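The structure appears right after this line, and notes come after that.
The values are calculated or read from the model by the stated rules, or taken from the named source; none is laboratory data. These figures come from a predicted structure and were not determined experimentally. Please note: Cβ atoms are built from the backbone with ideal geometry, for glycine as well, and neighbour counts cover all protein chains shown. Side chains included, ligands, DNA and RNA excluded: accessible areas come from the protein's heavy atoms. Shrake-Rupley method; radii C 1.70, N 1.55, O 1.52, S 1.80 Å.
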Amino acid sequence: MNDFVFQSPTRFVFGRGYADRIGGEVAALGAKRALLVYGGGSVVRTGLLARVTASLDAAGVGYVELGGVRPNPEVGIVRKGIELARHEHVDLVLAVGGGSVIDTSKAIAFGTSYQGDVWDFFMRKATIGACLPIACVLTIPAAGSEASGSCVISNDELDLKKGVNGDVFRPRVAVLDPEVTFTLPQYQTAAGAVDIICHICERFFSGAGAVPVTDNIACGIIRAVIDAATTVTATPDDYDARATIMWSGTLAHNDLCGCGRASAPTKRAGGWESHGLEHEISAHRPEVTHGAGLAVILPAWMRYVWRADRERFLAFAKGVFDVEPVDQTDEATQDAITYAIDELQRFFVSLGMPRTLADLDLAPAEVDGWLQTLRQNKGERFGELRPLTMEDARAIYLSAF
Ligand SMILES: NC(=O)c1ccc[n+]([C@@H]2O[C@H](COP(=O)([O-])OP(=O)(O)OC[C@H]3O[C@@H](n4cnc5c(N)ncnc54)[C@H](O)[C@@H]3O)[C@@H](O)[C@H]2O)c1
């Protein structure tokens, strides 16, 4: 087990109807006036926003609203939020939404006390210092931003999407109310489940070898998500299944599943190959939902690299699907591993996720464009379990059509 530092300082307030508790939670942090950040309208439609504002009113916490955060949020709305936060003297940023809204709130929170432009942090021209406290009410389990120390923002003018990492902007409190996700469309539920599983796999398939405690946690969460997502596909208002997915999304990305696997305590575990490959697809084709792209790319990446670390893939096959080779031969090993990869893909497809990139209306002619920006973002080689060249990346993309 490698050395690690694990910090998950968020207070998780998890339960049925708990969205109504946000006011009390925010007041307990000493906040008097919050910047209330939300997205495109599902929180208005479902009545969640009204519940949150009623809860703030009841707790005596003032607020000013900033709506309209888009998926893959842009720095423009972050700058607008920073101006608003300063002008209105808010002392906390409250996100009501998914990863895009929470990441926007994080950037506003660390940008407000900085005198320069917030984009400086993303260009590594400035180091994050003071940060307003962040609270959130999660609406979609997927990105894991409610507990993560990462924040990703796009800059349309520069055609860039950049991330920063830090513990200072992990949310102080996250209200997780599974009932809020009853209204989530099946496609978004499924894409979220894929993203959650992929966050775990990116860490599981690091080059660190076996870390039994972390490996068991990782495989256990994946098994739970497979069961729960299957249940929710048939019964969208199954509380326990929704609750399982929601908590899994948090644990998948708060670094618990990376403990002991990172090459250095300051690093995140894993090579993040599938996220790197998928990122280029949804950057070029924003209509592709991140989780749907991952549903195709993760199995394609697995099929391409498994020979580089048979032991890791056998651990995955056994830990998630109870599959072991019938004997020690190469053929039996290959059968067990490919069965597990096929099972994972069958599960994704059973949720309504695409099997191929063609199912997402993508064409092989687009691959060159993805590779061009992949090279800009990652250099000539990236990844950990088996570092990928641009030719490897091309082969993986093409294998997925
Ligand atoms: N920082 C980033 O760049 C970042 C972070 C997370 C996600 N993303 C990207 O943004 C996309 C959207 O992810 P997101 O996490 O922000 O989700 P989101 O909040 O945009 O939700 C996705 C869709 O589901 C609907 N929805 C969400 N919660 C709902 C609920 N409880 N009931 C009914 N409908 C609900 C939304 O209206 C929306 O149509 C992803 O595909 C991903 O690619 C980007």
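Relative to the current alpha-carbon distance between THR231 and VAL5, full extension at 0.36 nm per residue lengthens the span by 77.8 nm.
Remark: accessible surface ordering of HIS290, HIS199, HIS275 (largest first) is HIS290, HIS275, HIS199, probe radius 1.4 Å. Which residue, VAL44, VAL320, VAL225, has the most motion in a Gaussian network model of the chain that connects Cα atoms within less than 10 Å? The residue with the greatest mean-square fluctuation here is VAL44. Spin-label pair LYS125-GLN376: with each label point 7 Å from Cα along the Cα-Cβ axis, the two points sit 1.8 nm from one another. Site pair ALA308 and ALA332 shows an inter-label distance of 2.8 nm when each label is modelled 7 Å from Cα along Cα→Cβ.
Considering only ALA191, ALA292, ALA308, the Gaussian network model of the chain with Cα springs below 10 Å gives its largest mean-square fluctuation to ALA308. One decimal place: the segment HIS87-THR356 gains 92.0 nm when fully extended, by the rule 0.36 nm per residue minus the C-alpha distance.
Short-range pairs are left out: with C-alpha atoms under 8 Å and at least six residues apart, the relative contact order of the chain is 16 percent. Relative contact order of the range 258-401: 30 percent, from C-alpha pairs under 8 Å at least 6 residues apart in sequence. Per-residue Karplus couplings for the range 103-114, computed as 6.51 cos²θ - 1.76 cosθ + 1.60 with θ equal to phi - 60°, are listed in order as 5, 4, 5, 4, 5, 4, 5, 8, x, 5, 8, 9 Hz, Gly and Pro entered as x.
Once you mark the GluC sites (Glu not before Pro) that are in a DSSP loop and have at most 12 other Cβ atoms within 10 Å, what is the longest gap between them in the chain? With GluC sites (Glu not before Pro) excluded where exposed in loops, the chain gives 1-156 as its longest stretch. Close amide-amide hydrogen proximity is noted between LEU36 and VAL64, GLU65, LEU66, LEU94, each under 5 Å apart and 5 or more residues distant or on a separate chain (H modeled in the peptide plane; Pro and chain starts excluded). Backbone geometry of the range 213-229 corresponds, through the Karplus equation with coefficients 6.51, -1.76 and 1.60 at θ = phi - 60°, to 3J(HN,Hα) couplings of 5, 5, 4, 5, 4, 4, 5, x, 5, 4, 4, 5, 5, 4, 5, 5, 5 Hz, x marking Gly and Pro. Relative contact order of the range 11-180, taken over Cα pairs closer than 8 Å and 6 or more residues apart, is 29 percent.
Taking amide hydrogens as placed 1.01 Å from N in the peptide plane, the amide H of GLY271 sits under 5 Å from those of GLU384, LEU385, each at least 5 positions away in sequence or on another chain. Computed over protein heavy atoms with a 1.4 Å probe, the carbon and sulfur contribution to the accessible area of the range 185-399 reaches 50%. Across ALA109, ALA264, ALA300, mean-square fluctuation computed from a Gaussian network of the chain (C-alpha pairs under 10 Å connected) peaks at ALA264.
By DSSP, the beta bridges lying fully in the chain are antiparallel in about 25 percent of cases.
Each residue of the range 35-52 was assigned a 3J(HN,Hα) from its phi angle through the Karplus expression (A = 6.51, B = -1.76, C = 1.60, θ = phi - 60°), giving 8, 9, 10, 8, x, x, x, 4, 6, 6, 4, 7, x, 5, 4, 5, 5, 5 Hz with x at Gly and Pro. Label sites at ASP240 and GLU179, each approximated as a point 7 angstrom past Cα along Cα to Cβ, lie 1.9 nm apart.
Taking amide H positions as modeled 1.01 Å from N, with prolines and chain starts lacking one, the residues under 5 Å from VAL137 and 5 or more places away or on another chain are ALA95, VAL96, GLY97, VAL175. What does the accessible area per residue of the chain come to in Å², with a 1.4 Å probe and no ligands, DNA or RNA counted? Spelled out: the 1.4 Å probe surface of the chain, per residue, equals 41 Å². Bridgeable lysines around LYS125 (alpha carbons under 28 Å apart, same-chain partners fewer than 8 residues away excluded): LYS80, LYS106, LYS161, LYS162, LYS267, LYS378.
Between LYS32 and MET390, the FRET efficiency from the beta-carbon distance, with R0 = 41 Å, is close to 0.20.
Looking at the range 11-180, the DSSP beta bridges with both ends there are about 20 percent antiparallel. Expressed as a whole percent, the accessible area of the range 11-180 that falls on carbon and sulfur atoms is 49 (1.4 Å probe).
Say R0 is 35 Å: what FRET efficiency, to the nearest 0.05, do THR46 and GLU366 get from their beta-carbon distance? Plugging the Cβ-Cβ distance into 1/(1 + (r/R0)^6) gives 0.50.
Computed from Cα positions, the angle between helix 290-305 and the longest principal axis of the chain comes to roughly 30 degrees. Rounded to the nearest 10 degrees, the inclination of helix 390-399 to the longest alpha-carbon principal axis of the chain is 80 degrees. Over the chain, DSSP H runs of length four or greater, each weighted -39,500 (n - 2.57), average out per residue to a 222 nm ellipticity of -15000 deg cm²/dmol.
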